[in-house]
Every structure is written in structure tokens, then in C-alpha cells.
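Asker: My questions all concern the structure below.
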Amino acid sequence: MELLRQRSLEQRSALTGGEADADERAVEAALRPRSLDEVIGQERVREQLSLVLQAARSRGRAADHVLLSGPPGLGKTTLAMIIAAELSAPLRLTSGPAITHAGDLAAILSGLNEGDVLFVDEIHRMSRPAEEMLYLAMEDFRVDVVIGKGPGATAIPLEIPPFTLVGATTRAGLLPGPLRDRFGFTGHLEFYGADELDEIVRRSAGLLEVETLPDGTAEIASRSRGTPRIANRLLRRVRDYAQVRADGVVTRDIARRALDLFEVDESGLDRLDRAVLDALCSRFGGGPVGLSTLAVAVGEERETVEEVAEPFLVRNGMLARTPRGRVATAAAWAHLGLDVPAPAQSDRQPGLFDG
Ligand SMILES: Nc1ncnc2c1ncn2[C@@H]1O[C@H](COP(=O)(O)OP(=O)(O)O)[C@@H](O)[C@H]1O
Ligand SMILES: [Mg+2]
């Protein structure tokens, strides 16, 4: 089931899904900013982090634990790597799903040196016993290694050197309170504005040695769903198109034709997004309709609709999540070129229960 879900998310990552697959991760590594100064946008988090890191450096101690939260593709992994780089500390990398037993975590923790940065991606997917071990390690720099089972089991405390934990999560709400409270600093990454994305596309084009015109990069930026990973991905597809069907230069016209071919529309909506809106409006009269019903209607997994399509539609003001179900807003009807039915459910204060 988990595997299926993962696969379905990966297939979706084809063009506008938030997650990166293995091939893409290699390309991404080349495009990652390496220092806080190179990071584009996220002014607030950048300034906060810079302060936290500078303070730690001047005290000569391990920095406070940092939690980075936000949708896929906004720069969590990038920032984790930058944190280690700015602290001139080695980065140890693992992820929630990789830690199935507390023992896995104990092994990682006991191998840390003073000042190391431990990055736990998708930290909300860690097992409960591992989570509990992590609380203790974060607070007291100690783990209890349990030997034996049942009433005869004994816990042997093991000291670990002070380290900095960097956790990343797409679902901060799923983190248990005690874990969340042990982070000294939480950075919430926001979707990027069009100008920032434009800058990111221009930077990436430079690194990939792709020739672009300003309105070409702006066109890519405007269809990137506020997400650098998607901006970089669209850039690569437009580059392909420019090389095969034109002279290699990314103009606005080339960008438009390429993205139309890959079914990414002017608002950055792809086929699944449009299918969701279409089902919601044409089949369910604009809602409210339950997530499961909606997912069945578009032939997708519930999680794919919820984690891939919806965040963008909600943010774009096209879909509202209400206690009674999903509701299309006037913007959704307009986007599909349909008239809002009167009296429409969708006129009821969309946004009230967003998120
Ligand atoms: N602020 C930024 N400036 C420039 N590029 C960025 C920025 N944030 C993310 N990227 C690019 O987007 C891609 C995805 O970022 P990543 O850190 O892997 O996202 P996440 O871990 O949140 O899913 C990376 O290749 C990185 O180069
Ligand atoms: Mg990541």
C-alpha cells in the first residue's frame, strides 16, 4: 500500500508533482544553492536562520535543533545542507521511513561526533519508539539502549555528543507536540512569488547553459505553482523543446508551446488538477464532496489528490476544504470556462476552513 502510494506520487512527479525521483535528484544537486546568500526568496526564514547559525558559531557550540516545514520542492533539503555548510559541520542524512526501529536511530546517534548536523527528512514518518528515543537525544544528548525483552529488559544510558538535528516535514501538523517542542527554531517555507521563481529559473538556466529571453523565463515561472523544483523541471522540458524544435533559445513563444505540449496550463494546473476541478464542478455541482469520492471520480489515490493536487488548488483559491467536503470556488468555475450555478454552494465564504 505504502509502495503503491509512493509509486503513484512518483508517477505524478512527471511534471508538476512536488516530489523528486532518483534521476531528478541528481540534476537537482547541481542546481542547489550552496550558501544562505545564494538562496533566492524566503527572506524571513533566511534571516532567522542566519541569526541562529551566527549565534551558534560565535558561541562555538552545536546550533539549536531546526525544523523546516513546507510543501515538497520549496527548499527544505537545500536549507538543511546549507545549515551544515554554514556551520562547517559534516551532514549525516537519513529519513523517517528509513528508521523503522529505535535501534536504527540508536546506531545513527551513537555514531555522531560533536557538532555534527543530523538531517532527518520526512521526520513525521518515523516510528513511535524512534520518536521517543529522539526526544531524549535532542534534549539530554543521551539514548537509552534497551537490552533484552519483557520484565527483564534493562535500559543502558549512552551519552552522545551535542549535535544539531535538522528535521524536514511536509506535514508539521502530524508531528507530535513533544517532538515539535524540542526544536529551538522552526522555519516555515512559503510558496515563492513569480519574481523569485523567475530569478530561480534564470539562475538555473545559467548553470545549465541554456540561453533564455526574459519573457521566456517569466512564462516558465508563472506556470511553476510557486515551487522551485517545478520551475527547474519545467525549464528542462522547455530547454528540450527549444533544442529539438527551435534554435535552443527559450523565448516566451517556445515556453508556451512546450508547456502546452506537456499539458501545464497558464495557471500551472496540470491534467490531474483540471480533472479534480472538472469532477468537482461538472459531476458534483461544485461540492461539497468528500475526498474519497473525488479521488475515485478522477481515478487516483486519495493521498495523491490530497497531497499533490489540493494544496495548490487551495492556495490558488480554486478549491476550499470545508468540514462537509471539498467545494469549488467561483475561480474554479471561471478557470473551467463555466458559469457559476446560482445559488451556488461555492458562494459560501470559501477560505474559511482552508488548509
Ligand atoms: N530558494 C531557492 N533558490 C534557488 N533554488 C531553490 C530554492 N529552493 C529550492 N531550490 C531548488 O529546488 C529544488 C528542490 O529543492 P529541495 O531543497 O530539494 O526541496 P524540498 O526538500 O523542500 O522538497 C533544488 O534543486 C533546489 O535547487
Ligand atoms: Mg527534500
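The values are calculated or read from the model by the stated rules, or taken from the named source; none is laboratory data. Keep in mind it's a predicted model, so treat the numbers as computed, not measured. Every residue, glycine as well, gets a Cβ built from its backbone with ideal geometry; the counts of neighbours run over all protein chains shown.
Asker: Within segment 150-163, is there a residue that is farther than 30 Å from Thr217 by Cβ, of a type in the set (Ser, Thr, Tyr) and either touching a Leu at 6+ places or on another chain (Cβ under 7 Å) or not assigned by the TED database to the domain that holds Gly41 (or both)?
Answerer: Step one: list which residues in segment 150-163 are farther than 30 Å from Thr217 by Cβ, which gives 150-163.
Remaining after also requiring of a type in the set (Ser, Thr, Tyr): 154.
From what's left, either touching a Leu at 6+ places or on another chain (Cβ under 7 Å) or not assigned by the TED database to the domain that holds Gly41 (or both): none.
Scanning segment 150-163, I find no residue that is farther than 30 Å from Thr217 by Cβ, of a type in the set (Ser, Thr, Tyr) and either touching a Leu at 6+ places or on another chain (Cβ under 7 Å) or not assigned by the TED database to the domain that holds Gly41 (or both), so the answer is no.
Asker: Thr16 passes all but one of (1) buried (at least 16 other Cβ atoms within 10 Å of the Cβ); (2) outside any loop (DSSP other than H, G, I, E, B); (3) of a type in the set (S, T, N, Q); which number fails?
Answerer: All conditions pass for Thr16, except number (2).
Asker: For the structure I just gave you, tell me whether Ser50 is touching an Asp or Glu at 6+ places or on another chain (Cβ under 7 Å) and without any contact (Cβ under 8 Å) to a residue 60 or more places away in the chain.
Answerer: Working: touching an Asp or Glu at 6+ places or on another chain (Cβ under 7 Å): no; without any contact (Cβ under 8 Å) to a residue 60 or more places away in the chain: yes.
Answer is no for this residue.
Asker: So how many residues does segment 83-97 have that are in a helix (DSSP H, G or I) and either more than 18 Å from the chain's Cα centre (by Cα) or buried (at least 22 other Cβ atoms within 10 Å of the Cβ) (or both)? Please lay out each step first, then the result.
Answerer: Taking segment 83-97 and keeping what is in a helix (DSSP H, G or I), we get 83-86, 96-97.
Checking which are either more than 18 Å from the chain's Cα centre (by Cα) or buried (at least 22 other Cβ atoms within 10 Å of the Cβ) (or both) leaves us with 83-86.
Residues that pass the stated criteria total 4.
Asker: If Pro129 satisfies every condition in (1) touching a residue at least 40 places away in the same chain (Cβ under 8 Å); (2) touching a Leu at 6+ places or on another chain (Cβ under 9 Å) but one, which is the exception?
Answerer: Answer for Pro129: the failing condition is (1).
Asker: Follow-up question, since we're still on this one. What residue, of Ala85, Ala80, is among the small types (Gly, Ala, Ser), closer than 28 Å to Gly226 by Cα, outside the structural domain of Ser224 (by the TED database) and touching a strand residue (DSSP E or B) at 6+ places or on another chain (Cβ under 6 Å)?
Answerer: Ala80
Asker: Please enumerate the residues belonging to segment 173-197 that are aliphatic (A, V, I, L, M), over 25 Å from Asn232 (Cα atoms) and surrounded by fewer than 17 Cβ atoms within 10 Å (Cβ to Cβ). Steps first, answer last, please.
Answerer: Taking segment 173-197 and keeping what is aliphatic (A, V, I, L, M), we get 174-175, 179, 189, 194, 197.
Within this subset, residues satisfying the condition of being over 25 Å from Asn232 (Cα atoms) are 174-175, 179.
Answer for segment 173-197, where residues must be aliphatic (A, V, I, L, M), over 25 Å from Asn232 (Cα atoms) and surrounded by fewer than 17 Cβ atoms within 10 Å (Cβ to Cβ): just Leu174.
Asker: A further question follows. Scan segment 124-142 for residues that are on the phi < 0 side of the Ramachandran plot and in a loop (DSSP other than H, G, I, E, B) and report the count.
Answerer: Initial filter on segment 124-142 (on the phi < 0 side of the Ramachandran plot): 124-140, 142.
Now restrict to residues that are in a loop (DSSP other than H, G, I, E, B): 126-127.
Within segment 124-142, residues that are on the phi < 0 side of the Ramachandran plot and in a loop (DSSP other than H, G, I, E, B) number 2.
Asker: Ok, one more. Quick one: in segment 212-247, of everything that is of a type in the set (Ser, Thr, Tyr) and part of a helix (DSSP H, G or I), which residue is farthest from Val308 (Cα to Cα)?
Answerer: Here is the first cut: in segment 212-247, the residues of a type in the set (Ser, Thr, Tyr) are 212, 217, 222, 224, 227, 241.
In the following step, the residues that additionally are part of a helix (DSSP H, G or I) were identified as 217, 222, 241.
Working: Thr217: 24, Ser222: 18, Tyr241: 26 Å.
The selected residue is Tyr241.
Asker: Ok, one more. Limited to segment 70-95, what total is found for residues that are in contact with a helix residue (DSSP H, G or I) (Cβ under 8 Å, 6 or more places away or on another chain) and either touching a residue at least 40 places away in the same chain (Cβ under 8 Å) or among the hydroxyl-bearing types (Ser, Thr, Tyr) (or both)?
Answerer: Selection size over segment 70-95: 13.
Asker: Check segment 60-82 and report whether any residue there is among the aliphatic types (A, V, I, L, M) and over 19 Å from the mean Cα position of the chain (by Cα). Show your work before the answer.
Answerer: Initially, segment 60-82 is screened for residues among the aliphatic types (A, V, I, L, M), giving 62-63, 66-68, 74, 79-82.
When the remaining residues are screened for being over 19 Å from the mean Cα position of the chain (by Cα), the result is 62-63.
There is at least one residue in segment 60-82 that is among the aliphatic types (A, V, I, L, M) and over 19 Å from the mean Cα position of the chain (by Cα).
Asker: Please count how many residues of segment 207-233 are near ligand 1 (Cβ under 10 Å from one of its atoms), within 18 Å of the chain's Cα centre (by Cα) and not small (Gly, Ala, Ser).
Answerer: The total comes to 6.
Asker: Would you confirm whether or not segment 55-69 contains a residue that is touching a residue at least 12 places away in the same chain (Cβ under 8 Å), within 16 Å of ligand 1 (Cβ to nearest atom) and either part of a loop (DSSP other than H, G, I, E, B) or in contact with a Ser or Thr (Cβ under 6 Å, 6 or more places away or on another chain) (or both)? Walk me through it before giving the result.
Answerer: Start the filter on segment 55-69 by keeping residues that are touching a residue at least 12 places away in the same chain (Cβ under 8 Å), which leaves 56-57, 61-69.
Okay, now just the ones that are also within 16 Å of ligand 1 (Cβ to nearest atom), so 66-69.
After this cut, where a residue has to be either part of a loop (DSSP other than H, G, I, E, B) or in contact with a Ser or Thr (Cβ under 6 Å, 6 or more places away or on another chain) (or both) as well, the list is 67, 69.
Checking segment 55-69: at least one residue is touching a residue at least 12 places away in the same chain (Cβ under 8 Å), within 16 Å of ligand 1 (Cβ to nearest atom) and either part of a loop (DSSP other than H, G, I, E, B) or in contact with a Ser or Thr (Cβ under 6 Å, 6 or more places away or on another chain) (or both).
Asker: Exactly one condition in (1) under 22 Å from the mean Cα position of the chain (by Cα); (2) small (Gly, Ala, Ser); (3) in a strand (DSSP E or B) is false for Ser204; which is it?
Answerer: Result: Ser204 fails condition (3) only.
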